[in-house]
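What follows is a single structure, written as structure tokens, with notes after it.
Each reported figure results from applying straightforward, stated rules to the coordinates on display, with no laboratory input. As the structure is a prediction and not an experimental result, all values here were calculated from the model. Cβ sites come from the backbone with ideal geometry, for glycine too, and all protein chains shown count toward neighbours.
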Amino acid sequence: MGKDVIVACDFSSAEQTLSFLDRFTGRKPFVKIGMELYYAEGPEIVRQIKARGHKIFLDLKLHDIPNTVKKAMAVLSRLDVDITNLHAAGTSAMMEAALEGLTRPDGTRPLLIAVTQLTSTDQASMERDLLIKEPIDRVVMHYAETARRAGLDGVVCSPLEAGKVHDACGADFLTVTPGVRFADGDVGDQKRVMTPAQAKAVGSDYIVVGRPITAALDPVAAYERCINEFVDETGIRE
Ligand code: C5P
């Protein structure tokens, strides 16, 4: 899979999500389904969106003992999503078990990526609550390298970290980056942002874009602007 824009469908019902997706009559966006929508509607919403021809990133961030994650991943692999994820904090044993569970009898599997430290965790809370005293950027890189050694395909990270992750883990190790905003758009609650063109320049493989598309007056135009800036060679605008 090449570079693509993943639209974060952070809606709480199938009705809202499907009527949002109905607007896209041309190119079908790669869709991110997160906990809110999945817990509201269950696996059926994944099947429905898949049946409409969208690629899917199922963002459920699994974290449990290896055996439980392996079995849960085996169930998720039957949903035929394209990307799913887990917390690297579950350790290599959990990540390796997840890969085993995710691999179908024919040897195929969805891509599996890891969350390192959540962007809501900062140095102070990591030291205080998790008793991790190393600098947070070192912790993030260590988790990325552990994920790569466990055989995972990439990480979710800030576009500001994408270059460093590729340097440490290789050009093929995927960087899936939220925190993307248009140059003339609202930043909202995202603290460290890049435009789609900047994310492309630093080597992000996939950008995850939510509100700049879902809350736009014309979501299809906003999506196409992302595609032009991030994917199309000719469409780079600063
Ligand atoms: O609306 P917005 O573009 O901020 O949406 C970004 C999406 O990426 C949301 O679904 C959010 O939960 C997710 N995300 C993030 N930062 C992370 C990990 C995931 O914004 N570190």
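The dipole here belongs to the chain: it is taken about the Cα centre, uses +1 on the Cβ of Lys and Arg and -1 on the Cβ of Asp and Glu, and is about 360 debye. Of the residues Thr146, Ser77, Val156, the one whose Cα sits farthest toward the positive end of the charge dipole of the chain, with +1 on the Cβ of Lys and Arg and -1 on the Cβ of Asp and Glu, is Ser77. Counted by neighbouring Cβ atoms within 10 Å, the residues Phe30, Phe230 run from fewest to most as Phe30, Phe230. The C-alpha atoms of the chain occupy a region whose extents along the principal axes are 44, 38, 32 Å, arranged from largest to smallest. Measuring from a point 7 Å past the Cα of Asp172 along Cα-to-C-beta, which residues in the stretch 136-153 have an amide N at less than 15 Å? Residues passing the 15 Å test: 148-153.
Within the set of other residues whose C-beta is less than 13 Å from the C-beta of Gly170, count the net charge using Lys and Arg as +1 and Asp and Glu as -1.
Values: positive: Arg148, Arg149, Lys164; negative: Glu145, Asp153, Asp167, Asp172, Asp205.
Here the charged neighbours net out to -2.
Just checking the listed ones, Thr195, Thr214, Thr119: in the Gaussian network model of the chain with Cα springs under 10 Å, the one fluctuating most is Thr119.
Could you tell me which residue out of Gln198, Ala168, Thr108 lies farthest along the dipole of the chain toward its positive end? Charges go on the beta carbon: Lys and Arg +1, Asp and Glu -1, centred on the Cα centre. About the Cα centre, the residue reaching furthest to the positive side is Thr108. Which trypsin sites (Lys or Arg not before Pro) in the stretch 166-234 sit in a loop by DSSP (not H, G, I, E or B) and have at most 11 other Cβ atoms within 10 Å of their own Cβ? Within the stretch 166-234, the qualifying trypsin sites (Lys or Arg not before Pro) (loop, at most 11 other Cβ atoms within 10 Å) are Lys191, Arg192. Between amide H atoms placed 1.01 Å from N, distances below 5 Å from Val208 occur with Ile6, Thr177, all of them 5 or more places distant or on a separate chain. Scanning the chain for helices, which whole DSSP H stretches are 18 Å or more long along the axis (Cα) and average -1.0 or more by Kyte-Doolittle? TM-like helix candidates: 136-149. Less than 5 angstrom separates the built amide H of Arg181 from those of Met194, Thr195, all sequence-distant by 5 or more or on a different chain.
Here the scattering of the stretch 113-238 is modelled by Debye summation over its C-alpha atoms, one equal scatterer each and no solvent; at q = 0.09, 0.15, 0.17 Å⁻¹ the log10 of I(q)/I(0) is -0.28, -0.72, -0.89.
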